[in-house]
Amino acid sequence: MSKTVFALPPEYPVARRGTQVDDYFGEKVADPYRWMEDIDSKETTAWVEAERVCTAEALRAMPERTTLKARLTQLWNYPRYTLPFRRGGALFFTTNTGLQDHPVVCVSQGAGSPARVVVDPNLLSPDGTVGVVTFEPSFDGKLLTYALSTAGSDWTEIHVREVATGHDLPDVIHWAKFTGGSWTKDGRGFFYDRYPDVARGDKLFGRLFGRQSYYHVLGTAQSADLFVFDVKAHPDWHHTQAVSDDGRYLYLRVSPAGTTHTGLYYIDLGDPMAPRVNGPAIPLADAFDANCSILGNRGPVFYVLTYLDAPHGRIVAIDSTKPGSPWTTIVPEGPDSIDQAASSGGRIIVAAFHDAASRLTVYAADGSPPRQLTLPGICSIQGISAVDGSPEAFYQYSSYLVPASIMALDTQTGTTSLFKRAETAFDPTPYETQETFCTSRDGTRIPVFITGRKGFRLDGSTPAWLYGYGGFNIAIPPAYSSPPALWLEMGGIYVQANLRGGSEYGDAWHLAGTRERKQNVFDDFIAAADFLVDQGYTRRDRLVVEGRSNGGLLVGAVVNQRPDLCAVALPGVGVMDMLRYHTFTIGAHWASDYGTSETPEGFRYLRAYSPVHNVREGTRYPAILVTTGDHDDRVFPAHSFKYAAALQHAVAQVPGSPPVLIRIEHNAGHGGSSGTAASSKLIDEWADKIGFAAHFMPAGTLALPATS
């Protein structure tokens, strides 16, 4: 790829350095950009607009971006489906024909039957900013709740639609967040979770307290909804609810702030066709001594995935009629870490990680020998859909080179058949994925997946894109995505490191990357980058590092600690101010992984790596493109604002320093994994990120892709 001269900003937009200083246990900490936390102030909005102009002018100096966007659009343009699930004899799922901004909710009678659109959010806004976040059909499949998000917000409105006619009922639920509508079996109403009304100015970014579960009866006002559950003594705790597949119980999962442990409760609804919806919450596993979740039930016996005395996870049966009695182990702990499980037809489907790639096994509740299903090479199970009591199930798998396929499974016979397979414009045959391992600073073995052209030379000449996350017990297993496919076509290699803090090796692996141990995650990522260089996969002048959200924090912290590590850094929607993150939106719940600055110990280790507080003036940083959305109400956009301003102030004093830019998407939220980002916005963002990264690779190391 030939090079043009990058248009370095003659000077970065002025960001006033205020005099705010905070006292943390006797230590004074400056916060010169505190004013940016007032997102809607004239000063902040003026700075945001100036940064948008600055970034747009700089990116216009990359003529290759037009070609990259054209090819990325081609790669993005393929039909995609989500896992189906059956209600009332019909299958419900979402599909995207390729370039639709948001998936469309559909219904069909089964494999081979035509799909009919039930909800198309792409018709609801001309700019593509309204999307369906979650939906739930009633037990008979006649009605459907669907939650709409606007401008990428996590706040949603829940609506109700008749499946047959496509008409909406007048019912609308406000102040919902991280919830859908869980129907009672009689179809008269549904459960949902919400927060109390908050002042308009605090709706997007204010700290959230007082989550509550309610039951809405169709045809009544929301103000008449029945209160069901909350944790009054702990208004900062989080909880979720779901109705059991037999309609008899409401499952409740409670997550205390500041811990990874959970508690399980249930409400006995009695007769599913005449439910008592606001009965008492009965404890099932309320010691809060492990992470656990309910998979299903057979009458009063609940099947639970728990990590109690089992760091890799085990599945137990808990008889609710015998409180305090020993749990019966159904699936014992094994050498592989359980990622997800579902109950189907008296059997339990378990997806587990073996060195960060998936294995899929069907277990019987009676203890008969398990049946392992064959998966195609290095791949991951991205979801399992099953109804307790029915042998019909579905699972979805993907790899770095092949997009998601959905398989139908009969859990009684073990037979599988293809339900949907995605076909793309990407040809995977010239490429391969290899799994290897690097050694972290303390000797821990870290899985690293490397995908590239077959037989590429280990002479350091190949540009490499390294992605990491490392947090919140979330695994980042092999999966297909169009942007890495484009990078491969250009001649690069795509690398994913599975860092501590995730769930790849169970509970202990997660805990090893939390709180005072968070530095392990950064060490793991640095080790992976150094490994790529030391083993001849790439060189530092052609290494790109990227991460989003908690991964944005990862990139910010690593670049501060090792500014020599790479040529380009792409921190997206990152948690960058670790001393104040817990004071905004849902941030207080992240204390389970991070701790907070409200304790001396927490302040000490957070201050040591907080990206905003560890930017060093006079340091030569790599080229950096920070990305965020101006309506991100999950990770407050001021995190990225303050971080970018601090970096720009620092590098402005270094002659010839690579640029530090911030791309602030208008009318957008957390994007990516939040499921609220429009495809058109994602394509634009990725074209900018890949173009920016490619521009700072040595001339001739990457090729522009063909677009015809």
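Structure above, values below:
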item	result
Within region 649-708, tally of residues that are among the hydrophobic types (A, V, I, L, M, F, W, C), at pLDDT below 85, within 28 Å of the chain's Cα centre (by Cα) and farther than 15 Å from PRO483 by Cβ	1
Test: residue in region 628-647 that is of a type outside the set (Gly, Ala, Ser) and touching a Lys or Arg at 6+ places or on another chain (Cβ under 7 Å)	no
Residues of region 376-421 satisfying the condition of being under 20 Å from ALA356 (Cβ atoms), touching an Asp or Glu at 6+ places or on another chain (Cβ under 9 Å) and of a type in the set (Val, Ile, Thr)	ILE378, ILE381
Residue that is modelled with the lowest pLDDT [pool: residues in region 354-383 that are in a strand (DSSP E or B) and among the aliphatic types (A, V, I, L, M)]	ALA364
When residues of region 260-296 are limited to those that are among the acidic types (Asp, Glu) and in a loop (DSSP other than H, G, I, E, B), the one farthest from TRP183 (Cα to Cα)	ASP289
Residue among SER125, SER182, SER108 that is in contact (Cβ under 8 Å) with a residue 12 or more places away in the chain, among the polar types (S, T, N, Q) and buried (at least 20 other Cβ atoms within 10 Å of the Cβ)	SER182
Whichever residue in region 105-128 is charged (D, E, K, R) and assigned to a loop (DSSP other than H, G, I, E, B) and, among such residues, is nearest to SER680 (Cα to Cα)	ASP127
Residues that are of a type in the set (Ser, Thr, Tyr) and either assigned to a loop (DSSP other than H, G, I, E, B) or closer than 19 Å to TYR303 by Cα (or both), drawn from region 209-254	THR220, THR240, SER244, TYR249, TYR251
Residue match in region 563-577 (condition: within 24 Å of LEU466 (Cβ to Cβ), in contact with a Cys (Cβ under 6 Å, 6 or more places away or on another chain) and buried (at least 20 other Cβ atoms within 10 Å of the Cβ))	no
Among the candidates ARG211, ARG207, ARG194, residue that is basic (Lys, Arg), within 23 Å of VAL635 (Cβ to Cβ) and either at pLDDT below 75 or touching a Cys at 6+ places or on another chain (Cβ under 9 Å) (or both)	ARG207
Qualifying positions in region 129-167 - outside any loop (DSSP other than H, G, I, E, B), among the small types (Gly, Ala, Ser) and modelled with pLDDT of 95 or more	ALA147
SER153 vs. criteria within 28 Å of the chain's Cα centre (by Cα), among the hydroxyl-bearing types (Ser, Thr, Tyr) and farther than 23 Å from LEU218 by Cβ	yes
Which listed residue, of ALA50, ALA56, ALA61, ALA70, is assigned to a helix (DSSP H, G or I) and within 25 Å of GLU489 (Cα to Cα)	ALA70
Some residue of region 395-408 being touching a helix residue (DSSP H, G or I) at 6+ places or on another chain (Cβ under 7 Å), of a type outside the set (Ser, Thr, Tyr), assigned to a strand (DSSP E or B) and at pLDDT 95 or above	no
Residue ID - nearest to TYR400 (Cα to Cα), chosen from residues in region 422-461 that are part of a strand (DSSP E or B) and among the aliphatic types (A, V, I, L, M)	ILE450
Search result, residues across region 427-460 that are of a type in the set (A, V, I, L, M, F, W, C) and over 24 Å from the mean Cα position of the chain (by Cα)	PHE437, CYS438, PHE456, LEU458
Qualifying residue in region 591-599 (condition: at pLDDT 95 or above and closer than 30 Å to ALA694 by Cα)	no
Residues that are buried (at least 16 other Cβ atoms within 10 Å of the Cβ) and free of Cβ contacts under 8 Å to residues at least 40 places away in the same chain, drawn from region 274-287	LEU284, ALA285
Lone qualifier among ALA351, ALA257 - being at pLDDT below 95, in contact with an Asp or Glu (Cβ under 6 Å, 6 or more places away or on another chain) and either in a strand (DSSP E or B) or not assigned by TED's automatic domain parsing to the domain that holds ASP366 (or both)	ALA257
Qualifying residue in region 499-509 (condition: within 17 Å of SER398 (Cα to Cα) and not assigned by TED's automatic domain parsing to the domain that holds VAL402)	yes
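Residue-by-condition table, conditions (1) among the hydrophobic types (A, V, I, L, M, F, W, C); (2) within 12 Å of HIS639 (Cα to Cα); (3) out of contact with any strand residue (DSSP E or B) (no Cβ under 7 Å at 6 or more places or on another chain); (4) assigned by TED's automatic domain parsing to the domain that holds LYS518:
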{"position": "ARG580", "(1), (2), (3), (4)": "no, yes, yes, yes"}
{"position": "SER592", "(1), (2), (3), (4)": "no, no, yes, yes"}
{"position": "THR599", "(1), (2), (3), (4)": "no, no, yes, yes"}
{"position": "VAL612", "(1), (2), (3), (4)": "yes, yes, yes, yes"}
{"position": "THR619", "(1), (2), (3), (4)": "no, no, yes, yes"}
{"position": "ILE624", "(1), (2), (3), (4)": "yes, no, no, yes"}
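The values are calculated or read from the model by the stated rules, or taken from the named source; none is laboratory data. Note that the structure is a prediction, hence the values are computed from the model and not measured. Backbone-built Cβ (ideal geometry, glycine too); neighbour counts: all protein chains shown.
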